[in-house]
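Below you'll find the structure, written out as C-alpha cells, and then a few comments.
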Amino acid sequence: MNRPSAKAVLFDLDGTLLDTLQDLATSGNEVLAGRGLPPHPLDAYRIFIGNGMVNLARDVFPPGMRPETEEQIAAVLDEYRAAYSRNWRNTTVPFPGIAEVLDRLTGDRVPIGVVSNKAHDFTLQCVEAFLNDWTWDVLIGAREGHPRKPDPAGALEAAATLGIAPGECLFVGDSDVDMMTARAAGMRAIGVSWGFRPVEELLEAGAEVILGMPEELLAWLG
C-alpha cells in the first residue's frame with residue numbers, strides 16, 4: 001500500500017489509550033441510583049462513551065426521562081462529574097501494548113498528543129495519572145466554547161501546536177466520532193479494535209485501517 005510518511009500521532013483517550021469503561025459506567029450508575037433509577041450493564045456504556053461528558057450524563061437516562069433544559073442538564077452533569085471524581089482511578093489502566101508503543105514513539109522523537117471529548121480537566125488528570133511516563137506535546141480535552149469531535153477544530157489546533165501539516169498526522173481512535181474527526185481534519189484515520197466500539201462502525205465512518213494491536217501503529221510512520 002502506498003502511504004505518505006506520517007510525522008505525528010494524535011490519540012483519542014477513552015477506549016484508545018486508556019480502558020476507562022468500568023469507572024465511567026460506575027459513575028453513570030451512581031447518578032442513576034441517586035435518582036432511583038436502575039443501572040445499566042457495563043457493555044451499555046460502550047454506546048454512551050465518545051460524545052463528551054454532557055451527552056453521556058444525559059444519555060444514561062431512560063427515554064422520556066432525559067434532562068432537556070439547560071438547568072436539568074447542568075444538574076446531571078454536576079452529579080456525573082462528582083461521581084467520576086470519586087471513581088476515575090478505581091480500575092482505569094492503559095490498554096496492553098500502549099506503553100511499548102509510546103516508548104517507541106517518544107524514543108524516536110515522534111510528536112504525540114491527545115484530542116479527546118473527555119472534559120479537559122479530566123483529560124489532563126488521567127494523562128497525569130496513567131500516562132505520565134511519556135512527554136506529551138499537546139493535550140486537548142472538551143472545553144467550554146470549543147466544538148467537540150467530530151468537529152475537526154481540536155485536531156487542527158493540535159496539528160498547529162505541533163507545527164505539522166494535518167496530512168502528516170495519524171489520528172488514532174476507537175469510535176466513528178474519531179474517524180469522522182480525522183477525515184474532516186485531513187488526517188489519516190486509524191481505527192483500533194481493542195476499544196469500546198465495533199470495528200464495523202469504524203470502517204463505515206472511514207477508517208483507513210483497523211489496528212489489531214498497538215504495535216501495528218508503528219508501520220504507519222515513516
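The values are calculated or read from the model by the stated rules, or taken from the named source; none is laboratory data. Source: prediction; values computed, not measured. Ideal geometry is used to build each Cβ from the backbone, glycine not excepted, and the neighbour counts take in all protein chains shown.
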Quick check on this structure: which one of V209, V115 is of a type in the set (A, V, I, L, M, F, W, C) and in contact (Cβ under 8 Å) with a residue 40 or more places away in the chain?
V115
Over segment 20-70, the set of residues closer than 22 Å to G191 by Cβ and small (G, A, S) is A44, G50, G52
Number of the condition not met by A205 [criteria: (1) surrounded by 21 or more Cβ atoms within 10 Å (Cβ to Cβ); (2) of a type in the set (A, V, I, L, M, F, W, C); (3) in contact with a Pro (Cβ under 7 Å, 6 or more places away or on another chain)]:
(3)
Here is a check on your reading of the model: is G97 closer than 26 Å to F130 by Cβ, modelled with pLDDT under 95 and surrounded by 15 or more Cβ atoms within 10 Å (Cβ to Cβ)?
no
Might you check whether a residue that is in the same structural domain as S116 (by TED's automatic domain parsing), more than 23 Å from P94 (Cβ to Cβ) and charged (D, E, K, R) occurs anywhere in segment 156-164?
yes
Consider segment 55-81. How many of its residues are more than 20 Å from the chain's Cα centre (by Cα) and assigned to a helix (DSSP H, G or I)?
9
Are any residues in segment 181-195 under 15 Å from the mean Cα position of the chain (by Cα) and either more than 21 Å from Y45 (Cβ to Cβ) or surrounded by 21 or more Cβ atoms within 10 Å (Cβ to Cβ) (or both), and if so, which ones?
T181, A182, A189, I190, G191, V192, G195
State whether the residues of segment 142-158 include one that is in a strand (DSSP E or B), of a type in the set (A, V, I, L, M, F, W, C) and in contact with a helix residue (DSSP H, G or I) (Cβ under 9 Å, 6 or more places away or on another chain).
yes
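Considering each of G50, G34 in turn, give the residue that is on the phi > 0 side of the Ramachandran plot and touching a residue at least 12 places away in the same chain (Cβ under 8 Å).
Details: G34 fails: on the phi > 0 side of the Ramachandran plot.
Exactly one of G50, G34 is on the phi > 0 side of the Ramachandran plot and touching a residue at least 12 places away in the same chain (Cβ under 8 Å), namely G50.
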Checking A82 against (1) closer than 21 Å to K149 by Cβ; (2) at pLDDT 95 or above; (3) among the aliphatic types (A, V, I, L, M), the condition it does not meet
(1)
